[in-house]
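The values are calculated or read from the model by the stated rules, or taken from the named source; none is laboratory data. It should be emphasised that the depicted structure is a prediction, and the values quoted were computed from it without experimental measurement. Positions of Cβ are backbone-derived with ideal geometry, glycine not excepted, and every protein chain shown enters the neighbour counts. When the accessible area is computed, the model is the full protein with side chains, heavy atoms only, and any ligands, DNA or RNA have been set aside. Shrake-Rupley method; radii C 1.70, N 1.55, O 1.52, S 1.80 Å.
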Amino acid sequence: MSLDLDYVRAQFPAFQEPSLKKQAFFENAGGSYTCAPVIDRLNRYYHQRKVQPYAPYEASRLAGEEMDEARARLAGYLGVEADEVSFGPSTTQNTYVLAQAFRQWMQPGEAIIVTNQDHEANTGPWRRLADTGIEVREWRIDPETGHLDTDRLADLLDDKVRLVCFPHCSNVVGEINPVPQITAMAHAAGAFVCVDGVSYAPHGLPDVGMLGADIYLFSAYKTYGPHQGIMVIRRGLGMQLPNQAHYFNGEVLYKRFTPAGPDHAQVAASAGMADYFDDLAAHHGIKGGQAVHDLMRAHEIALLQPLLDYVSEKNSVRLLGPSDARRRAPTVALEVGRAAEPLAAKLAKHGIMAGGGNFYAVRALQGMGVDPDQGVLRLSFVHYTRPDEVAKLIQALDAVL
């Protein structure tokens, strides 16, 4: 089954926006366009429900119901229980809060494993725990390919390790890591896992229950939604960790790791993400989150391979990560031998919206011998991208490289 792109793009107001006409958007890894159901829900909330939720009067009751609906429906797509889904201001902030909980829970001499493939959000807060006597071990990428070899992880695991932190896929390498295999290895060694799904979730929400991850984090604003961080914390771990919220919220799992008050409107609007996925499934005559995931991924893979083939043949650039579209997300980082940001500015003159820089993946770039100050040119897209836009990108690259 092929994706109905006309239908898909009709669900995103940005494609009807005159100021964005003739612009091909290839900076989706920094934040996707927002789908209409999210915008509609946010607009309705601010017009009709902008009161303190969960009180007995009607506007408040409806406000609380919409927040609960968002949590429950996203949990359904993620394959977990509703109270295992929490909202926070960003994935970076959510990870920081989790790190404080682990700091209190772990004993000096116990260990955490991190990678140098990660965005800084899922490595920096954990590395800082070394200041409290917790051992931090680094699972390092292959300097040529950026690949995380599970054999190297096996060498780091022992009975001191309490947590393994790694990305579902890197925001510069793009390779999709084998989460179930890594999780099984960590669990066999007695450790929990924390998976950064920020760069994967926009390409199809994963079934976290099937993956087996104890913590899974992603950003709603990169997944067609509002600016919220979404985190799954499985109950078996979440109720062991020290409560980070008000003491009287300690028995409510989805409140334990959100010390700040939630943004009621944005939490409620997150239900629009589920609306969009439901509508996408209904329009294509399919059922279930996995079917939606597979539909989106198939379209992305078909568009990605020609771009990978093109850049792989260019001697003037170095492609980070795999050249096989089936093994990676459509987030393509190129080392161009000079500062990347001016090259992105040149692409903008050809109607290509892309970015250049280190994208908070400084450790990953250094691990592959890339100067973070020069950075990489990053070209990222999602399922609403058209084949002619990829062709336009390739033509623009020909002109500026």
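Annotations for the structure displayed:
- For segment 133-149, backbone phi angles converted through the Karplus equation (6.51, -1.76, 1.60; θ = phi - 60°) give residue-by-residue couplings of x, 7, 7, 10, 10, 9, 8, 9, 6, 5, x, 8, 9, x, 6, 9, 8 Hz, Gly and Pro being listed as x.
- For segment 292-320 versus segment 47-81, the gap between their alpha-carbon centres in whole angstrom: 39 Å
- Computed over the chain with a Gaussian network model linking Cα atoms closer than 10 Å, the most mobile of 287, 346, 160 is 287.
- Over the residues of the chain, the helix contribution to mean residue ellipticity at 222 nm works out to -11500 deg cm²/dmol, using -39500 (n - 2.57) for each DSSP H run of at least 4.
- For segment 28-43, Karplus couplings with θ = phi - 60° (6.51, -1.76, 1.60), whole Hz, Gly/Pro x: 5, 5, x, x, 7, 5, 9, 6, 4, x, 5, 4, 4, 5, 5, 4
- Within segment 1-158, all pairs of alpha-carbon atoms sorted by distance into 10 Å bins from zero give the percentages 8, 21, 27, 25, 16, 4, 0.
- Centre separation in Å (Cα based) which lies between segment 99-143 and segment 146-170: 11 Å
- Segment residue 149-residue 188, length gained on full extension (0.36 nm per residue, minus Cα span): 12.3 nm
- Candidates per trypsin sites (Lys or Arg not before Pro) in segment 1-89, loop by DSSP, up to 10 other Cβ within 10 Å: 21, 22
- Stokes-Einstein, applied to the Kirkwood radius of the chain over Cα pairs at a viscosity of 1.306 mPa s and 10 °C, places its translational diffusion at 73 µm² s⁻¹.
- The DSSP beta bridges internal to the chain are antiparallel in roughly 50% of cases.
- Relative contact order, percent, segment 42-274 [alpha-carbon distance under 8 Å, six or more residues apart]: 27 percent
- In straight-distance terms, cross-link reach from residue 22 covers every one of the aspartates and glutamates whose alpha-carbon lies under 12 Å from its own, apart from those fewer than eight places away in the same chain; here that gives 388, 389.
- Within the chain, longest stretch clear of exposed GluC sites (Glu not before Pro) (DSSP loop, no more than 14 other Cβ within 10 Å): 1-143
- Whole-Å distance, taken between Cα centres, linking segment 200-273 and segment 1-37: 26 Å
- Among the chymotrypsin sites (Phe, Trp or Tyr not before Pro) in segment 44-90, those placed in a DSSP loop whose Cβ has at most 15 other Cβ atoms within 10 Å are 54, 57.
- Of the cross-linked pairs 314/346; 287/392; 21/346, those separated by over 22 Å at the C-alpha level are 287/392.
- Largest accessible area first, the residues 141, 394 order themselves as 394, 141 under a 1.4 Å probe with ligands, DNA and RNA left out.
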